[in-house]
Every structure is written in structure tokens, then in C-alpha cells.
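The values are calculated or read from the model by the stated rules, or taken from the named source; none is laboratory data. As the structure is a prediction and not an experimental result, all values here were calculated from the model. Glycine gets a Cβ as well: all are built from the backbone with ideal geometry, and neighbour counts include every protein chain shown. Side chains included, ligands, DNA and RNA excluded: accessible areas come from the protein's heavy atoms. Shrake-Rupley method; radii C 1.70, N 1.55, O 1.52, S 1.80 Å.
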Amino acid sequence: MKYTNKILSNLLKVFLFIILLSVEVTASVVSDNDGSAFITKGEFDSLKNNFQIQIDRYNKNIDSLIDVAISSYLTGVKAERHIKLTNIYDILGGDNIKFGLPDISPTVEPNTGAVFFFENGDRYGVGILMAPGSGESRRGVMNPMYQWWNDYEPSHFRLGKFIKYINDSGKKFLQTYEVGAIQAVFSGGWWTGATSVQESVINQPFGNGAQKLNVPITVGSYYKCDYYNSIYRERKDVDLDLSNWTSAYDISTTDDKVFISTTNYENVDVLQESWSDITASGPFYNGNTPADGSSHDEGDCTIIGINLYNWTVDKNQQYDLLTPGFYYRKQYSNSLYGGVQFFKATKKGKVKVDTLKFTRSSPGIVYFAIKSSPFDNLETLKGDVKFDKIEGCTVDSSSDNRYSATSGDTVKLEFEVEEGKTYFIKCQPSTTKSASNTLYCGIDNGATIELTYE
């Protein structure tokens, strides 16, 4: 109250001072006995000085109040900036990427023994002889001959189980899982110098050194044969594309796998074994009567000294040293179990992920997590990012920072990120580990990632 009265008093004095200034004064100095209606020069100067002091004080207070107000305003208001981050996942393959556990079992030994065909023809027809143990019910001469090999050697005909990969700049990229074998194929024309078919004798039709698949093989001597064509080619019972698969679970790292590089696969250069003479007995005819009325002989067809070759197997047989195929010729790499790079945080702040949609080979629940480094080789999916805000998904395990969403639903996420870190995402079609070539999950293209920072 006193402070208010003081202000009013000072304002009154200022008002009086202004009035005094507006009055025309004929004398600047008056004597002490001029009456109470006038003030002396000393009083006037004192009043003037007091007024100036008050003005200075008010100006100072106003400046201080303005400074405080500005400072408070700047402190309370954050200058936020927004930036769109690169979706690395889409770059690495996007909706082509499959998180799952393929049902594959490479054998400890390659066991890719040859499936051997001997195809022979004369001017009246063609007959095919097929070796035993090749996965077929027939063991010898195929339709229309229905004859057998004289020497039955099933040990020569084993199907190998192996993983084929690309080796590029010291890195290995999965391509396919295959179950099959090398086919050593000889096709030749029997002796047709007479009106009937004669015995054919073939010496070493399949070479003595490295051969390339699907390229004619230079054979040894051949006798009583009009023509021949001999090659190694591949036979595939199972061919699973692994180039876009990555593991949704942990993977085995033991040295009991078989890996064959694409380069080694194209070149058959490891001698598997050599056979003794193999004879196919007659009669050989196709049931048709030759146009000139002649008949077919019932002579044998003898193959001498057959050499069969195999592929060179990679000695370092571990899954964890191989990177997924979808990283091929990309600047990113990771282990099979480590998840997939999602984005890199260029600043410290909060990330908002929008339009995130999970896919599944059959509609259902997808389990996912995000980690600020590659995932560990564990069957249980565990992340280290706890979301501040979620939409379209639920918490599956708070201790593991694992979430679940229905495939096809739109998911939105918000969480804090650290500058310079690359964040990985990993998902599972089920929390129960089970090998399947048809069960997998992934992420649709087009998820947007926005970073807000100061």
C-alpha cells in the first residue's frame, strides 16, 4: 500500500512539474518571501533531479522485465526440427525379405554321387539306360527296353544335400539349398555300318580331369560308334531359393554343413570314384520294324573305365559366417540371425515410424522387436528398444521388448534414439521354432521414419 501511495505522489509531482513548464515565467528566481504559491529555484532543481532518478529507475526496471520475459520465453519454447530417415530395410530387399527357418539339412559329407545315363540310338530308334539308386523305381534300361544293368552298384548313386552360395570380395551370400547330383550323360549312335545294330564299346567317356557342367566332354577312344555327345549336368530333386531368406530364430554354427560356391559348382573337378567295366545286356530294340525290313541285333553295349567327378566343398562350413543373400552387392552386411538394418539415427531425438505393415505367408500374428545393434543368436526374440507410444500392435513380452501385430494391419511407433546408431528390426511368424519352407513373415515396402530433434 505504501509503495502504491509513493508512486501516486511521484506521479502528482511529475504532473505539477509539467504544468509548471507550460506556464510562462517572467522571472527565473524568486525570493524566499514571495509567498507559498511559488517554489524556490533550489526546490525546483531538487524536484527535477528526483524526477530524472525515477525515470531512470523505471527504464531500468522495464529493461530488466523485458529481458526476463524474453529469456523465459526462449527457455520454454524448443526449436524442434524434423528429418525423414532412409528406410534401409527397403533398400536391402523390402517385401522380398523372408524371416523364417527353412527346412534344410546339408549333409556332413557331400554325397553328391553321379546319376549315370547312357543314351544310345541307331537309325531305327533310341534306347535309354539309367543307372540304379537315382531315386527312381527303375534301375536299368528304361522304357521301352525294360532291361537291367548287369552290375548293380547303388553306392555310385547318392543324392547330395548342400547350400550353394556366391563368394564376392571375401563375403559369402546364400543362393540356394539343393538336393541333387551330377549326371554323367553319354549319348551315342550305335554302329550302323550294317543293316542291323552291332555291339558298341566305349572307353572312358567321362574324362580324366576337371570338366564344366553342360559342356561336351572330350572322351577317350570309342569303338563301333557312329556319333557321341558326353557331358556332366546337374540333377535337382529339391531347389529352394535362399537369396531372400534370413533367420527368424537362432542358427546352428557347428561345422557339419556342406557349402559349394557357384564357381566350384560350375566346375566338376574332384574325382569321386572310378568304375570297372559296366555292361548292359540286350536285346536292344524299340519294338518298331525298321523301314528297310532289317532287324536289330541283340548285342551288348559295354562301357569301359568310367570316371565320375564331384564338386569342391568349402572347408569352412558354418552358417554364422555367411551373410543373407539379399545383402549381395549392397553396402550393408550382417549375420543370418542378426535381423535387418531398419534405419540410422543421424541425430539424437525421437523417431516416429508410420505405415509399418507386417506380412505373413498365411494371415496371422507377427512378433517383432527393434534393437540398437544386431540381434543375438537366440531362439527367443529380444530387443532393447521400448516404445514410448504404439498403435496397431500390442506388447507380447515387456521384459524382452517384443511386440505383436496382425499381418496387414498398420502399425505406428514412437521411441527415443541415439545419434549415430543403426537400428535393426527382426520378426518371427511364431514364437515356437519350427522348420518350414512355407512359413515366414516380413515387412511391406513404404514404412516412413521421421526423426524429431532440437
Check: Rank Arg360, Arg81, Arg402 by accessible area, highest first, at a 1.4 Å probe radius?
Finding: Arg81, Arg360, Arg402
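I'm a student and want to see the number: the projected area of the Cα convex hull of region 354-442, averaged over all directions, in nm².
5.9 nm²
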Item checked: Computed accessible area, Lys236, all protein chains, 1.4 angstrom probe, square angstrom -> 80 Å²
Check: Using alpha carbon centroids, what distance separates region 437-454 and region 217-271, in Å?
Finding: 37 Å
Next item on the list: Can you figure out the FRET efficiency of Thr410 with Tyr332, using R₀ = 22 Å and their beta-carbon distance, to the nearest 0.05?
Entry: 0.25
Notebook entry, point to check: Looking at this model, which pairs from Lys357/Lys412; Lys352/Lys412; Lys357/Lys389; Lys315/Lys433 are more than 19 angstrom apart at the alpha-carbon?
Noted result: Lys315/Lys433
Notebook entry, point to check: Per the Kirkwood treatment, what hydrodynamic radius in Å, one decimal, follows for region 408-454 from the mean inverse distance over all distinct Cα pairs?
Noted result: 14.2 Å
Next item on the list: Could you state how much accessible area Ser169 has, in square angstrom rounded to the nearest 10, with a 1.4 Å probe and all protein chains kept in place?
Entry: 110 Å²
Next item on the list: Would you tell me the accessible area of Ser105, worked out with a 1.4 angstrom probe on the heavy atoms of the protein chains, in Å² to the nearest 10?
Entry: 60 Å²
